[in-house]
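J.: I'd like to ask some things about the structure below.
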Ligand code: T3D
């Protein structure tokens, strides 16, 4: 049903593959719309989404051959990028970006919008925007300084140099760099862990961490109490405690 992405569901794991490998999976309007649509209409039973790229790249950012987009960048960002980013950050299940190769421009910031970013050691992240006279967008100016601090964010954005996956992991831009050999298996193992986990608790963690970036400690403590109240009423909490007491692994249902 999709032209620019592949969408596959197996064992509660949905894999969304950016699929324009001839252009390193550059984002055009149809791809933005399809990513948004796929994430907003997840089939029942999906408990984690993995976003990755076909071929040797993850995503090269805005398709620079798209003259229509270049004509009015503000409109494209407001009407096409923002819904796509909202579909990722508001996805009803955790989202893993599996960065298999270069992630440039909006492609880097698309990856960084995910809950967990795992990159192959040969992958690179480039805030490529100043190379073509633009500023970082797709949420980059918000997430990058929060992840790595102002000095590194400025350096990455002004110099637009490739950051290796290992360096990205070391400085807190991403969660983990994995060897290229076995990358897919490593990602699959992480995806299985989340797919079998307490989904509602994961989403509450995402909500709490996002709120922590903008609010003070008293407000954050109140939010934690509220969310923990919810978690305490979940079936997964009852199961987690029962499994602990019975000395067996828990079987979480995500509720
Ligand atoms: O609405 C708006 O426009 C505003 C939003 C802007 C957000 C942005 O994302 S701006 C930043 C856009 N992206 C870039 O500036 C990155 C451009 N690409 C590159 O710098 C390099 O291609 C890479 C570092 C990503 C990869 O380099 P390399 O040497 O591994 O591969 P390559 O040979 O450059 O690319 C392979 C092919 O993909 C090539 O086509 P060809 O020669 O085989 O026919 C190349 O032109 C094409 N390609 C790569 N990136 C893009 C692209 N085609 C269109 N758009 C691209 N972004």
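Rule-based calculations on the coordinates, nothing more; no lab input. These numbers come from a predicted model, not from an experiment. Neighbour counts are summed over all protein chains in view; Cβ atoms, including those assigned to glycine, are modelled from backbone coordinates with ideal geometry.
J.: Separation between the residue 89 and residue 66 pseudo-spin-labels, each 7 Å from Cα along Cα→Cβ, expressed in nm?
T.: With each label point 7 Å from Cα toward Cβ, the separation is 2.0 nm.
J.: Based on the Cβ-Cβ distance of residue 255 and residue 73, what FRET efficiency does E = 1/(1 + (r/R0)^6) give at R0 = 30 Å, to the nearest 0.05?
T.: On the way: r = 42 Å, r/R0 = 1.40.
The formula returns an efficiency of 0.10 here.
J.: Looking only at the range 1-71, where both bridge partners belong to it, what percent of the DSSP beta bridges are antiparallel (to the nearest 5)?
T.: Working: 6 of 13 bridges.
Around 45 percent antiparallel, to the nearest 5.
J.: Also, I was wondering about something else. In degrees between 0 and 90, to the nearest 10, how far off the longest principal axis of the chain does helix 29-40 point, with axes built from Cα atoms?
T.: That works out to roughly 0 degrees.
J.: Continuing with the same structure: Once you have the Kirkwood Rh of the range 96-255 from its Cα pairs, apply Stokes-Einstein at 20 °C and 1.002 mPa s and quote D in µm²/s.
T.: Details: Rh = 17.5 Å.
Roughly 122 µm²/s, to the nearest whole number.
J.: Follow-up question, since we're still on this one. Highest GNM mean-square fluctuation, the chain, Cα pairs closer than 10 Å: which of 194, 42, 223?
T.: 223
J.: Connecting C-alpha atoms closer than 10 Å in a GNM of the chain, tell me which of 96, 132, 35 has the biggest fluctuation.
T.: In the Gaussian network model the winner is 132.
J.: How big, on average over all directions, is the shadow cast by the Cα convex hull of the range 1-150, in nm²? List each step's numbers first, then the result.
T.: Working: hull surface 35.1 nm².
Approximately 8.8 nm², given one-decimal rounding.
J.: FRET efficiency for residue 231 and residue 8, Cβ-Cβ distance as r, R0 = 41 Å, nearest 0.05? Provide the component values of the computation, followed by the final result.
T.: Working: r = 31 Å, r/R0 = 0.75.
Given R0 = 41 Å and the Cβ-Cβ separation, E is 0.85.
J.: I've got another one for you. Viscosity 1.306 mPa s, temperature 10 °C: Stokes-Einstein D of the range 168-207 from its Kirkwood Cα radius, in µm² per second?
T.: On the way: Rh = 11.8 Å.
The Stokes-Einstein estimate is 135 µm²/s.
J.: Who wins for biggest fluctuation among 58, 125, 159 in a Gaussian network model of the chain, springs between alpha carbons below 10 Å?
T.: Of the options given, 159 has the highest mean-square fluctuation.
J.: Label points 7 Å out from Cα along the Cβ direction at residue 224 and residue 132: separation in nm?
T.: Once both label points are built, they end up 4.3 nm from each other.
J.: Next question, about the same structure. How would the range 79-168 be classified by its alpha-carbon gyration tensor: rounded, prolate or oblate, with rounded meaning a/c under 1.5 and the a/b versus b/c comparison settling the rest? It would help to have the intermediate numbers written out before the result.
T.: Values: a/c = 1.65, a/b = 1.22, b/c = 1.35.
Since a/c reaches 1.5 but b/c is at least a/b, the shape of the range 79-168 is classed as oblate.
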